[in-house]
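Report on the structure given below.
The values are calculated or read from the model by the stated rules, or taken from the named source; none is laboratory data. Quick caveat: nothing in here was measured; it's all calculated off a predicted structure. Reconstructed Cβ throughout: ideal geometry from the backbone, glycine too, with neighbour counts over all protein chains shown. For accessibility, only protein heavy atoms count, side chains too; no ligands or nucleic acids. Shrake-Rupley method; radii C 1.70, N 1.55, O 1.52, S 1.80 Å.
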Amino acid sequence: MARITIIETGLVPQKHRERHGSFPDMFERMVRAEDPAATVDVISIPNGDELPDPRKLDAVLITGAAAGVYDGLDWIAPLEDFVRRAYANKTPMVGICFGHQLIAQALGGTVRKSDKGWGIGRHVYRVLPENGVVDGETVAIACSHQDQVIEPPNDALTILSSDFTPHAGLLYANGTTLTVQPHPEFDVEFAQVCCDLRDGKAPDDVVATARQSLAEPMDSAKLGGAITRFLARRASS
């Protein structure tokens, strides 16, 4: 049975939270779809919770956030230190979107706002063959981001990629750290909300194409299951 500590780094806008829940709620649904017996704890940075000692945790999942990892907010440096200690301890750790970028930055990679602009809607990512975590040739997952990992850390192997996001999934050399840019925890309805939130921010044609793309099948359950198994397997090894 997996015991996963979710570190909440951002908040779902209040008007959408009642219907869709928080980011930890979404991840809990994702995890329990694969492992109904999983135990989930939440550490909420926006609510002022202190970061635990990663050496005492079975597994960690770091959520998305509206913030940029390079913004210099007062909680980012302590979270980077937490990541480095978790990595050195081989605490099983997954990062999604902001978490993907934060872990990369903490371990020596480069993150910045991409000159390609907004990535929203359903994106299709190539899967590195025989990577040991994600099966198949491609996965289609909802995304919502401007920032990207531009240069991965030396310890990271790119296992998911696309022309828009060359380093969309990273598997690290310690064997217990995995990060992805897209959002397997999003259902189609919340992915539509993310498109709505980009009205007036992203170009109209980008938003329209993103909305249309969400009518196509997605592999959220496949990637979410792979992530849950990764955390549980590493935690029990």
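List of remarks:
- In segment 38-61, the count of residues that are in contact with a strand residue (DSSP E or B) (Cβ under 9 Å, 6 or more places away or on another chain), under 28 Å from G175 (Cβ atoms) and modelled with pLDDT under 95 is one or more.
- Verdict on A66 being open to solvent by less than 10 Å² (accessible area, probe 1.4 Å) and either part of a strand (DSSP E or B) or at pLDDT below 95 (or both): no
- The single condition among (1) open to solvent by 30 Å² or more (accessible area, probe 1.4 Å); (2) over 23 Å from R17 (Cα atoms) that A140 does not satisfy is (1).
- Screening segment 156-198 for residues that are part of a helix (DSSP H, G or I) and of a type in the set (V, I, T) and picking the one that is farthest from K90 (Cα to Cα) gives V193.
- Qualifying positions in segment 71-120 - outside any helix (DSSP H, G or I), of a type in the set (A, V, I, L, M, F, W, C) and open to solvent by 70 Å² or more (accessible area, probe 1.4 Å): L73
- The lone exception for A59 - which of (1) surrounded by 17 or more Cβ atoms within 10 Å (Cβ to Cβ); (2) more than 20 Å from V180 (Cβ to Cβ) it fails: (2)
- Residue count for segment 199-214, restricted to those that are in contact (Cβ under 8 Å) with a residue 24 or more places away in the chain, open to solvent by 50 Å² or more (accessible area, probe 1.4 Å) and either among the charged types (D, E, K, R) or not in a helix (DSSP H, G or I) (or both): 3
For (1) touching a helix residue (DSSP H, G or I) at 6+ places or on another chain (Cβ under 8 Å); (2) touching a residue at least 40 places away in the same chain (Cβ under 8 Å); (3) among the charged types (D, E, K, R), each residue gets a yes or a no:
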{"site": "V69", "(1), (2), (3)": "yes, yes, no"}
{"site": "A77", "(1), (2), (3)": "no, no, no"}
{"site": "R84", "(1), (2), (3)": "yes, no, yes"}
{"site": "D115", "(1), (2), (3)": "no, no, yes"}
{"site": "N131", "(1), (2), (3)": "no, yes, no"}
{"site": "D135", "(1), (2), (3)": "yes, yes, yes"}
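- Restricting P153, P129 to those that are crowded, with 16+ Cβ neighbours inside 10 Å and assigned to a loop (DSSP other than H, G, I, E, B) reduces the list to P153.
- Number of positions in segment 132-150 that are in a loop (DSSP other than H, G, I, E, B), more than 19 Å from M93 (Cβ to Cβ) and either aliphatic (A, V, I, L, M) or within 17 Å of the chain's Cα centre (by Cα) (or both): 1
Each row is one residue, and each column tells you yes or no for (1) of a type in the set (A, V, I, L, M, F, W, C); (2) in contact with a Phe, Trp or Tyr (Cβ under 8 Å, 6 or more places away or on another chain); (3) open to solvent by less than 40 Å² (accessible area, probe 1.4 Å); (4) modelled with pLDDT of 95 or more.
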| site | (1), (2), (3), (4) |
| --- | --- |
| T158 | no, no, yes, yes |
| D163 | no, no, no, yes |
| L197 | yes, no, no, no |
| P217 | no, no, no, yes |
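- Some residue of segment 32-49 being of a type in the set (G, A, S), under 18 Å from the mean Cα position of the chain (by Cα) and surrounded by fewer than 22 Cβ atoms within 10 Å (Cβ to Cβ): yes
- Scan of segment 1-57 for residues that are of a type in the set (S, T, Y) and under 14 Å from R229 (Cα atoms), ordered by number: T39
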